[in-house]
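Q: Sharing a structure with you now.
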Amino acid sequence: EHQKYIRNFSIVAHIDHGKSTLADRILEMTDTVAKRDMKNQLLDNMDLERERGITIKLNAVELKYHAKDGHDYEFHLIDTPGHVDFSYEVSRSLAACEGAILVVDAAQGVEAQTLANVYLAIDDDLEIVPVVNKIDLPSADPDRVKKEIEDIIGLDTSDAVLASAKKGIGIEELLEQIVQKVPAPQGDLDSPLKALVFDSVYDDYRGVVLSVRLYDGLVKPGDKIRLMNSGSEYEVNEVGVNSPHPVQRDYLMAGDVGYITASIKDITQTRVGDTVTNADNPADKALPGYREMEPMVYSGLYPTDNAKFGDLREALEKLKLNDAALEFEPESSQALGFGFRCGFLGLLHMDVVQERLEREFNLNLITTAPSVTYHVNTTGGENKLVENPSEMPDASEIKQVLEPYVKATVMVPNDYVGAVMELCQHRRGQFETMEYVDDYRVNVIYHIPLSEIIFDFFDNLKSATRGYASLDYEVEDYKQSDLVKIDILLNGEKVDALSFISHRSFAASRSRDIVGKLKNIIPRQNFEIPVQAAVGAKIIARTNIKAYRKDVTAKLYGGDRTRRMKLLEKQKAGKKRMKAVGKVDIPQEAFMAVLQTD
Ligand code: GTP
């Protein structure tokens with residue numbers, strides 16, 4: 001009865017098609033947020049999200065909607081990220097919903113991540129409500145885009161909502177369609193509690209805050225709950241919904257989306273994907289969780305100050321609660337000391353994790369260049385998994401090395417097919433096929449080593465196609481490649497954290513390139529520093545960083561004190577992100593130098 005008036009849905013789209021803006025309009029229309037509190041992209045509440053204009057985390061809010069049928073409905077809207085790196089967040093939020101709004105840009109049309117995300121929703125049997133957004137743009141062509149949605153995705157678009165999230169057009173029609181098309185949640189109030197944990201965050205005062213979707217039963221303060229996979233039990237302190245700020249409730253029941261706190265301090269006991277049930281009267285089976293995500297790239301994270309290792313561990317544990325795709329384990333480096341090898345879904349994910357650690361946990365970190373995982377068969381008959389280039393065995397012990405390949409689908413207007421193929425070819429890609437999506441757009445499909453696309457492939461793709469290409473990729477399998485490990489020596493000492501893996505045919509040119517970059521990045525010291533690149537014992541590139549002669553400030557005539565102060569200040573700030581290795585100070589950029597290939 002109450003459930004009849006609940007609608008749980010999320011919004012899926014390709015990046016920048018206007019998901020967050022549409023969510024803003026929906027919040028406004030439903031008076032969830034008072035006009036004076038309204039700001040753009042309200043649901044993107046991390047500073048990082050606002051600065052970059054992207055959604056990183058899923059966000060759930062409750063809204064009230066008075067529909068034309070005269071009833072009041074309770075909507076739970078879950079906003080999700082659009083970037084490939086965060087599709088894990090998308091699949092989790094979809095599992096908590098009965099419907100999905102599919103937003104497609106009226107000028108851009110269907111793009112790679114439109115497809116990837118809508119297929120996730122279709123796989124979850126969600127009811128899909130198509131919206132063609134940005135119809136206010138002069139270049140909008142809603143009829144063409146509707147036809148695309150029909151032809152490519154196979155959805156009926158006869159009553160697709162034509163909207164402009166920017167101008168507030170079509171929002172009411174969308175809300176009505178949500179009422180009519182998205183099924184109400186089902187679930188038994190009298191059964192034992194069954195709630196899916198789809199997100200969680202650590203709060204210093206309340207402990208872990210679980211975001212849950214209830215499938216059966218009811219939960220209220222004072223209840224004894226059990227997390228079915230971990231087996232741990234707690235007493236509920238508070239339940240509520242985000243609207244968009246937390247609002248306490250007397251209870252949550254089957255169909256609801258909300259939060260639970262229970263003074264959970266031991267963060268290792270909570271996992272996204274776990275099922276919450278009653279401790280005294282447990283459900284017999286846990287809900288299906290989520291598939292574990294396989295990290296695609298690994299890099300080392302080290303505190304610039306070695307004494308902060310414990311803080312970094314604690315920060316990673318807390319962040320993992322809120323970012324289930326993050327993986328980490330301790331590692332040590334001769335050059336950098338104690339840190340963690342972390343696994344990420346992609347480079348943007350890695351970047352976001354580093355920034356969140358620094359901002360939310362007040363840490364200063366050095367990140368080493370990302371690397372993929374290699375499978376190494378040794379001459380001794382061993383099968384080794386290498387996540388860190390410095391652990392690659394010596395050439396003499398290697399029988400073969402396999403690296404991950406992805407199947408990359410680039411969707412692009414046909415004018416740019418040549419440019420895309422050239423780029424893929426240059427990145428060791430193997431052409432598979434090309435298929436027309438519609439009259440003028442083509443899907444170009446390549447098999448490419450993951451290591452070639454994790455760095456700057458996407459940027460290069462965008463510039464080669466004037467921004468028109470969109471990319472989707474999935475890891476396929478491991479293939480044998482002729483790869484070598486290149487070590488970097490500074491002042492005659494090997495710096496393990498600078499080692500990298502390259503295809504043999506690029507080894508010499510990349511080494512020269514990197515040695516040259518390091519020469520520019522590493523500050524001069526009062527002695528000459530040789531910079532060398534080596535494969536095994538063989539030096540394949542070298543240069544020298546000359547010794548400096550005088551104090552940096554010496555050349556500034558004494559009078560200008562503020563300028564002198566500024567310079568010293570700048571030097572100090574620069575120092576923060578430095579790591580002393582032997583006698584040489586290495587700045588953060590040095591560890592990333594291997595990334596920029598040109
Ligand atoms: P992610 O959260 O990063 O996945 O992006 P998103 O899909 O949420 O897109 P967002 O809402 O941030 O909008 C992207 C850009 O499109 C912003 O600059 C918006 O102002 C703009 N935009 C959104 N809706 C409309 C619209 O209806 N018309 C026009 N002209 N621009 C729009």
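Q: For helix 504-521, what angle does its Cα long axis make with the longest principal axis of the chain, in degrees from 0 to 90 and rounded to 10?
A: With both axes taken from Cα atoms, the answer is about 80 degrees.
Q: Considering the dipole of the chain built from charges on the beta carbon (Lys and Arg +1, Asp and Glu -1) around the Cα centre, which of 389, 343, 65 is farthest to its positive end?
A: 389
Q: Taking the Cβ of residue 144 as the center, what net charge do the other residues with Cβ under 10 Å away carry, scoring Lys and Arg +1 and Asp and Glu -1?
A: Net of charged neighbours comes to -3.
Q: Then there's this: Report, in listed order, any pair from 384/517; 407/538; 320/407; 494/579; 320/462 with a Cα-Cα distance greater than 26 Å.
A: Values: 384/517 32 Å; 407/538 35 Å; 320/407 28 Å; 494/579 15 Å; 320/462 31 Å.
Cα-Cα > 26 Å for 384/517; 407/538; 320/407; 320/462; rest within.
Q: Using the alpha-carbon centroid of each, what span in Å lies between segment 102-138 and segment 173-197?
A: What the calculation gives is 22 Å, centre to centre.
Q: May I pose another question? Please give the net charge around residue 166, taking every other residue with its beta carbon less than 12 angstrom from that of residue 166, where Lys and Arg add +1 and Asp and Glu add -1. Don't skip to the end; give the middle numbers.
A: Numbers: positive: 25, 134, 167; negative: 24, 105, 136.
Combined, the nearby Lys, Arg, Asp and Glu give 0.
Q: Using 0.36 nm per residue of separation minus the Cα-Cα distance, give me the extension gain between residue 475 and residue 359 in nm, one decimal.
A: Working: separation 116, 0.36 × 116 = 41.76 nm, distance 3.16 nm.
My answer for the length gained is 38.6 nm.
Q: For each pair in 224/318; 220/285; 181/265; 166/265; 147/194; 220/308, compute the distance between the two Cα atoms and list the pairs where it is over 31 Å.
A: 181/265; 166/265; 147/194; 220/308
Q: Farthest toward the dipole's positive end in the chain, which of 366, 505, 515, given Cβ charges of +1 (Lys, Arg) and -1 (Asp, Glu) about the Cα centre?
A: Selected residue: 515.
Q: Based on Cα coordinates alone, diagonalise the gyration tensor for segment 451-536, multiply each eigenvalue by 5, take square roots, and list the semi-axes in whole Å, largest first.
A: 31, 19, 10
Q: Give, to the nearest whole percent, the P(r) tail of segment 447-497 beyond 13 angstrom, counting all Cα pairs.
A: It works out to 71 percent of all Cα pairs.
Q: Sticking with this structure for a sec: Testing the spin-label approximation: label points 7 Å from Cα along Cα→Cβ at residue 332 and residue 205. State their distance in nm.
A: 4.1 nm
Q: Would you mind calculating the gained length between residue 124 and residue 546 on full extension (0.36 nm times residue separation, minus the Cα-Cα distance), in nm to one decimal?
A: Extending this stretch completely gives an extra 145.8 nm.
Q: Grab the beta carbon distance between residue 251 and residue 66, set R0 = 22 Å, and tell me the FRET efficiency rounded to 0.05.
A: The value I calculate is 0.40.
Q: Given a Förster distance of 30 Å, report the FRET efficiency between residue 158 and residue 4 from their Cβ-Cβ distance, rounded to the nearest 0.05.
A: 0.70
Q: What number results when the radius of gyration of the chain, computed over Cα atoms, is divided by 2.2 N^0.38 Å?
A: Normalised by 2.2 N^0.38 Å, the Cα Rg of the chain equals 1.07.
Q: Normalising by the residue count of the chain, find the relative contact order in percent from Cα pairs under 8 Å and 6+ residues apart.
A: Relative CO of the chain lands at 9 percent.
Q: I've got another one for you. Placing +1 at every Lys and Arg Cβ and -1 at every Asp and Glu Cβ, with all other atoms neutral, what dipole size does the chain have around its Cα centre, in debye to the nearest 20?
A: Dipole of the chain, to the nearest 20 debye: 3760 debye.
Q: Step through the residues of segment 316-325 one at a time and calculate ³J(HN,Hα) from phi using the Karplus curve (6.51 cos²θ - 1.76 cosθ + 1.60, θ = phi - 60°), rounding each to whole Hz and writing x for Gly and Pro.
A: Each residue's phi maps through the Karplus curve to give 5, 4, 5, 5, 4, 4, 9, 8, 5, 7 Hz.
Q: Label-point separation (nm) for residue 351 and residue 524, each offset 7 Å from Cα along Cα-to-Cβ?
A: Output for this residue pair reads 3.3 nm.
Q: Rounded if a/c is under 1.5, else prolate if a/b beats b/c, else oblate: with a ≥ b ≥ c from the C-alpha gyration tensor eigenvalues square-rooted, which is segment 320-446?
A: Since a/c reaches 1.5 but b/c is at least a/b, the shape of segment 320-446 is classed as oblate.
Q: So for segment 265-350, what percent of the C-alpha to C-alpha distances run longer than 20 Å?
A: 47 percent
Q: Based on the Kirkwood radius over alpha-carbon pairs, what is the Stokes-Einstein translational diffusion coefficient of segment 231-299 at 10 °C with 1.306 mPa s viscosity, in µm²/s? Working shown, then result.
A: On the way: Rh = 14.5 Å.
Once the numbers are plugged in, D ends up at 109 µm²/s.
Q: Right, another one. Can you tell me the order of 323-336, 167-180 when each peptide is scored by its average per-residue count of other Cβ atoms within 10 angstrom, highest first?
A: Ranking, from highest mean packing down: 323-336, 167-180.
Q: Would you mind ranking 342, 424 so that the residue whose beta carbon has the fewest other beta carbons within 10 Å leads the list?
A: Ordered from fewest to most neighbouring Cβ atoms within 10 Å, 342, 424 come out as 424, 342.
Q: Within a 10 angstrom radius of the beta carbon, how do 274, 477 rank from fewest other beta carbons to most?
A: Ordered by Cβ neighbours within 10 Å, fewest first: 477, 274.
Q: Given R₀ = 30 Å, FRET efficiency for residue 426-residue 294 by Cβ-Cβ distance, to 0.05?
A: 0.65
Q: Moving on. Using the Cα gyration tensor of segment 167-222, with a ≥ b ≥ c the square roots of its eigenvalues, what is the shape: rounded (a/c below 1.5), prolate (a/b larger than b/c) or oblate (neither)?
A: oblate
Every read-out reported here was derived from the displayed coordinates using simple, explicitly stated rules and does not represent laboratory data. In this text the structure is predicted, and so the values were computed from the model without any measurement. Note that each Cβ is placed from the backbone with ideal geometry, even for glycine, and that neighbours are counted across all protein chains shown.
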